[in-house]
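What follows draws every value from the coordinates through simple rules; no lab data is involved. From a predicted model like this one, the values you see are computed outputs, not experimental measurements. As a convention, Cβ positions derive from the backbone with ideal geometry for all residues, glycine included, and neighbour counts pool all protein chains shown.
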Amino acid sequence: MSMKEAFLAELKYEAGNTRKLLEAMTDESLGYKPDHKNWSMAQLASHIAETYNWYTDTFSTNNFDMGTYKYDKGDISKASNIVAKFEENLPKAIAALESVPDDSVFMETWAMSMGGQVLMQMPRVQAIRTFLMNHLYHHRGQFTVYLRAAGCKVPGTYGPSQDEM
């Protein structure tokens, strides 16, 4: 199995888990935030959905410039709108990975910058693992805590949750 095939398999499998989590939020829960320093559930869910939009720039350039990056979150006042953004971004992420011609692309140096300052620089394979995947999993973990605290049922991701038992 090539790196491309392995990343595609993981992306597609984990998208199912992301979908289940996002579908568990309700319109009433979107304003929940554990502390004034934290994002609201709507903001966190929107960020999770947006992460899938980053695949295109991660593969189309060797420098992801956060200073010029533009993204329309849409109306995050409805849970269904956030899920729809996830569903809009997921096929773009899959297409970006599918477009990789060979595994040498994963070894190219990739950077994230803002305002001309390099924030991180690493092989693209490391950027995929940390910036795209692990970053997403971290926020999904936060999201499960938000769901529970907001009174929503938490779906199982790697087996049944307490709410499903």
Within segment 48-91, which residues are among the charged types (D, E, K, R) and closer than 20 Å to E108 by Cβ? D57, D65
Of everything in segment 124-165, what is basic (K, R) and assigned to a loop (DSSP other than H, G, I, E, B)? Give them in sequence order. K153
Please enumerate the residues belonging to segment 93-118 that are outside any loop (DSSP other than H, G, I, E, B), polar (S, T, N, Q) and exposed (fewer than 15 other Cβ atoms within 10 Å of the Cβ). S104, T109, Q117
Residue among N38, N62 that alone is of a type outside the set (V, I, T), touching a Leu at 6+ places or on another chain (Cβ under 9 Å) and exposed (fewer than 15 other Cβ atoms within 10 Å of the Cβ): N38
So, in segment 16-58, how many residues would count as being in a helix (DSSP H, G or I), over 12 Å from V83 (Cβ atoms) and not charged (D, E, K, R)? 12
Can you confirm whether Q121 is surrounded by 13 or more Cβ atoms within 10 Å (Cβ to Cβ), assigned to a helix (DSSP H, G or I) and not charged (D, E, K, R)? no
